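**Q** Just dropping this structure here.
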There are 2 protein chains.
Amino acid sequence: MAGADRVEVLAFDVFGTVVDWYGSIAREVDALGLDVDGGEFALAWRAGYKPAMQRVQSGELGWTHLDDLHRGILDQLLERFAITSLSEADKRHLNRVWHRLDPWPDAVEGLTRLKRRFTLCTLSNGNLGLLTNMAKRAGLPWDCILSAEVFRQYKPHPDTYLGVADVFDVPPAAVMMVAAHQEDLDSARCHGLRTAYIERPHEFGMAASKDVSGALDNDLHAASLVGLAERLGC
Amino acid sequence: MAGADRVEVLAFDVFGTVVDWYGSIAREVDALGLDVDGGEFALAWRAGYKPAMQRVQSGELGWTHLDDLHRGILDQLLERFAITSLSEADKRHLNRVWHRLDPWPDAVEGLTRLKRRFTLCTLSNGNLGLLTNMAKRAGLPWDCILSAEVFRQYKPHPDTYLGVADVFDVPPAAVMMVAAHQEDLDSARCHGLRTAYIERPHEFGMAASKDVSGALDNDLHAASLVGLAERLGC
């Protein structure tokens, strides 16, 4: 890749790119023995994410941790699915499933190899506590956890992408955004970052089909984080 | 310690508590072969730190990375010590010595042991990039790097201490501030945090004497971070 030798920082999207939110939530919800399909519940919870963030981005809500947005969506889902058997403690525990997401099988090895040569940070809309608890449980070896919470803006606000370059005092082109979502990479590129697309065909479950072709103008394209490490010579 | 079983997060002061700023800077300045004593230079640089932060705290300066405050102090010192031999690249490199501070000999082992049981974060006035580069070079195994930069206030502003509790969604008493500076611990206690004093008798050099008795109302007192791990059963 032209210019890859100048990349110093890899900034990772987390939900879907590094961890398997669908499978983790589906398994935990199924294990609760509620009268609902865990996979359907996971998809519905995630579907509430963008509209909830939009309420913050529009100014309707002040700055809000993603944990609290998740809880608001959860309460609506419990009502929609007519689930009444959970205590307040149960609901609090279930809401923290987002702290307990399992990494994709290649994530820890890929990150460990990439860490030898690059500074690795998260750039996620997840809050710092969520991302820290997730990393500690899953063994994700971040050098630094960055979040919308640091910049007080959710992706795709420019302050988030440019904020990574500012934190590390490097030009935007020295930062490579790594994500399984083309729109995240498109926003990053728009602000001068390099981009790497990671294929996660099962992000929405084994049954769902996801287009993982990625755009031609991504700087790199890899089937996994181990694949990314190989492409970058780590 | 009463209540130690409820502590979940250890928040560490960094300069002086985890890393040896005096020795690291003195060695690097001495190695430059300038006509100045490295130890004297280190002390003068550090002495400019509180007045520079005060300019931010008072509103005279907007939010400023510690890297930039350090550079302003460095430029004054070079003039005061009549050092004219450094190029702009040399000055930039020297200013980043704060990213290259060596840990105290007990720090990596102590943190590694404490990490098994607690969430470990920094709570430093150093900026995120500085703290990340330092941790990567020195092998400091933080779970999360928190900084004045996250809260847009320098310690001892309440937003910094209470900010740690907010990030991890725990009561202030579930956070223990760990520092070699009594005033940092006094501020933390004032906002409900637990406190652990670490003795660093040589923070200002082998020749200087530092009172390391600590206040009686600290929750814990240890001679090192390994000692803290032992006190906390890690």
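**Q** Measure off 7 Å from each Cα along the Cα-to-Cβ vector at residue A:58 and residue A:157, then give the distance between these two points in nanometres to one decimal.
**A** Roughly 1.6 nm, to one decimal.
**Q** Please work out which residue of chain B brings its Cβ closest to the axis of the rotation superposing B onto A, and round that distance to whole Å.
**A** Nearest residue, distance rounded to whole Å: B:150, 3.
**Q** Would you kindly work out, in nm and rounded to one decimal, the distances from the label point of residue A:206 to those of the same position in each other copy, ordered shortest first, with label points 7 Å along Cα-to-Cβ?
**A** With the label placed 7 Å along Cα→Cβ, residue A:206 yields 6.5 nm.
**Q** Within 10 Å of each Cβ in peptide B:145-157, how many partner chain Cβ atoms are there on average? Round it to a whole number, please.
**A** Partner Cβ neighbours, averaged per residue: 2.
**Q** Where does the charge balance sit around residue B:210 when Lys and Arg score +1, Asp and Glu -1, over other residues with C-beta under 10 Å from its C-beta?
**A** Cβ neighbours under 10 Å give a net charge of -2.
**Q** Thinking of the protein assembly as shown as a set of Cα atoms, what percent of all their pairs are more than 35 Å apart?
**A** Taking all Cα-Cα pairs of the protein assembly as shown, the fraction more than 35 Å apart is 35 percent.
**Q** Given 25 °C and 0.890 mPa s, compute D for the range B:110-228 with the Stokes-Einstein relation, Rh being the Kirkwood radius over Cα pairs; round to the nearest whole µm²/s.
**A** Calculated translational D: 165 µm²/s.
**Q** Normalised by the empirical 2.2 N^0.38 Å for globular proteins, what value does the Cα Rg of chain B take? Mind showing how you got there, number by number?
**A** Details: Rg = 17.6 Å, N = 234, 2.2 N^0.38 = 17.5 Å.
Chain B yields a ratio of 1.00.
**Q** I want the local charge near residue A:138. Using Cβ-Cβ distances under 11 Å, sum +1 for each Lys or Arg and -1 for each Asp or Glu among the other residues.
**A** Values: positive: A:100, A:136, A:137; negative: A:20, A:102.
Once positives and negatives cancel, what remains is +1.
**Q** I need B:168, B:81 ordered by Cβ neighbour count within 10 Å, fewest first.
**A** The order, fewest Cβ neighbours first, is B:81, B:168.
**Q** In addition: Put the label 7 Å from Cα along Cα→Cβ for residue B:190; what are its distances to the other copies, in nanometres, shortest first?
**A** Reported distances to equivalent positions: 4.5 nm.
**Q** For residue A:64, place a label point 7 Å out from Cα along the Cα→Cβ vector, do the same in each other copy, and report the separations in nm, one decimal, smallest first.
**A** Taking the point 7 Å beyond Cα along Cα→Cβ, the inter-copy spacings are 3.8 nm.
**Q** Output the relative contact order of chain B, whole-number percent, from Cα pairs under 8 angstrom with separation of 6+ residues. Walk me through the numbers on the way to the answer.
**A** Numbers: 385 pairs, mean separation 57.7, N = 234.
Here the relative contact order equals 25 percent.
**Q** Are any of the pairs A:115/A:136; B:50/B:136; A:136/B:210; A:91/A:210; A:50/B:136 more than 28 Å apart by Cα-Cα distance, and if so, which?
**A** Over 28 Å Cα-Cα: A:136/B:210; A:91/A:210; A:50/B:136.
**Q** Compare the Cα positions of A:127, A:213, A:47 along the charge dipole of chain A (+1 at Cβ of Lys, Arg; -1 at Cβ of Asp, Glu; about the Cα centre) and return the one farthest towards the positive end.
**A** A:127
**Q** Let me know the mean shielding of B:125-131 by other chains, meaning the per-residue number of their Cβ atoms within 10 Å of its Cβ.
**A** Rounded to a whole number, the mean comes out at 4.
**Q** Taking the beta-carbon count within 10 Å as an exposure proxy, list B:164, B:212 from fewest neighbours to most.
**A** B:212, B:164
**Q** Continuing with this model, one more query. Once each part is reduced to its C-alpha centroid, what is the distance from the range A:48-74 to the range A:164-226 in angstrom?
**A** 24
**Q** Using the Kirkwood radius over C-alpha pairs as Rh, can you work out the diffusion coefficient of the range A:21-99 via Stokes-Einstein at 37 °C, viscosity 0.692 mPa s, in µm² per second?
**A** Translational diffusion coefficient: 254 µm²/s.
**Q** A further question on this structure: Going by how many other Cβ atoms sit within 10 Å of their own, how do B:102, A:13 line up, fewest first?
**A** The fewest-first ordering by Cβ neighbours comes to B:102, A:13.
Readers should treat all values here as calculations from the given coordinates under stated rules, not as data from a laboratory. All figures in this text were calculated on a predicted structure; none of them were measured in a lab. Note that we place each Cβ from the backbone using ideal geometry, even for glycine, and neighbour counts take in every protein chain shown.
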